[in-house]
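So the structure is just underneath, and the comments pick up after that.
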Amino acid sequence: MAFLITMAKLITEIQSQQRNRNRVNIYLDGEYAFSLDRMTAAWLTIGRQIDTSEIARLQQKDELEIALRRSLHFLSIRARTEKEMTTYLDKKGYEPALIERVIARLKEEKLVDDLDFAQNWLDSRQRFHPRSKSLMKLELRQKGVADDEIEQALQSSNLDDLDLAMDAGRKLSRRYQNLEKTEYDRKLGAALQRRGFSYGIVRECLPSLWGEKLETIGVEKRKWSN
């Protein structure tokens, strides 16, 4: 809440907060008036006069700095889309105009970049949790990435659903190593379809995955026999 005064007052004390050393309390004419981030208050000095408009400007800047700091902490956990960041700041109670300023600053610093987010998301999915392109598209849309940026990321990643299904199948196949072929195909096929792959893609890759399974078992047997 902005602190309102009707005339210029004298800064009589600038005191560090005990619980947050990054903030200072400002006293005007001997009474506590408001607090500011230490960097925002850096140019203030005891004995300086300050009026209502200056206080309003300082508090707006202070609110922006707090919102930016919170945003950076949110980003330190993992990368975020513009939509995710906007939703986060909205839940923190910030006004739309301030959120726009924060987002603009983050985009300017390349800390929020939906195209880069989409490319990294696809790369991570491909390496660790392969799934179909259609399912990855849906995931990115849910995170607020625009369709044109999703398509651009997909084109640059040059992903192929059959290759993705084979990668996913190799990771999932370990769960079904002891099954006979019919049950192996049924369970692995269902798992791949849950990853978003079409029936045609699943049917195409299952024989190869079964063959790789048999080859792996054969190699292991040869090792033990030696």
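The values are calculated or read from the model by the stated rules, or taken from the named source; none is laboratory data. Owing to the predicted nature of the structure, the values given are computational and were not obtained by experimental measurement. Virtual Cβ from ideal backbone geometry, glycine too; neighbours counted across all protein chains shown. The protein model used for the area step is the full one, side chains on, heavy atoms only, and it has no ligands, DNA or RNA in it. Shrake-Rupley method; radii C 1.70, N 1.55, O 1.52, S 1.80 Å.
Okay, here's what the table says:
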quantity: For LEU72: the one exception among (1) in a helix (DSSP H, G or I); (2) over 19 Å from the mean Cα position of the chain (by Cα); calculated: (2)
quantity: Among (1) open to solvent by 80 Å² or more (accessible area, probe 1.4 Å); (2) in contact with a His (Cβ under 9 Å, 6 or more places away or on another chain); (3) of a type in the set (A, V, I, L, M), the one test that LEU214 misses; calculated: (2)
quantity: Single residue of region 7-36 satisfying the filter (over 17 Å from GLU54 (Cα atoms) and polar (S, T, N, Q)) that is farthest from the chain's Cα centre (by Cα); calculated: GLN15
quantity: Residue within region 35-48 that is among the acidic types (Asp, Glu) and at pLDDT below 90 present; calculated: yes
quantity: Pick from region 35-80, criterion open to solvent by 90 Å² or more (accessible area, probe 1.4 Å) and among the polar types (S, T, N, Q), ranking: nearest to GLU95 (Cα to Cα); calculated: GLN60
quantity: Any hit, region 155-177, residues being more than 30 Å from THR87 (Cα to Cα), over 35 Å from the mean Cα position of the chain (by Cα) and without any contact (Cβ under 8 Å) to a residue 60 or more places away in the chain; calculated: yes
quantity: Matching residues in region 153-194 - criterion: being at negative phi, surrounded by fewer than 18 Cβ atoms within 10 Å (Cβ to Cβ) and part of a loop (DSSP other than H, G, I, E, B); calculated: ASP160, GLN177, ASN178, LEU179, GLU180
quantity: Test: residue in region 91-107 that is part of a helix (DSSP H, G or I), modelled with pLDDT under 95 and open to solvent by 20 Å² or more (accessible area, probe 1.4 Å); calculated: no
quantity: Residue in region 50-66 that is in a loop (DSSP other than H, G, I, E, B) and touching a strand residue (DSSP E or B) at 6+ places or on another chain (Cβ under 9 Å) present; calculated: yes
quantity: Subset of region 7-34 (residues that are among the small types (Gly, Ala, Ser) and either open to solvent by 70 Å² or more (accessible area, probe 1.4 Å) or modelled with pLDDT of 90 or more (or both)); calculated: SER16, GLY30, ALA33
quantity: Test: residue in region 197-210 that is of a type in the set (D, E, K, R) and buried (at least 18 other Cβ atoms within 10 Å of the Cβ); calculated: no
quantity: Residues of region 114-123 classified as open to solvent by 50 Å² or more (accessible area, probe 1.4 Å) and out of contact with any Asp or Glu (no Cβ under 8 Å at 6 or more places or on another chain), total; calculated: 4
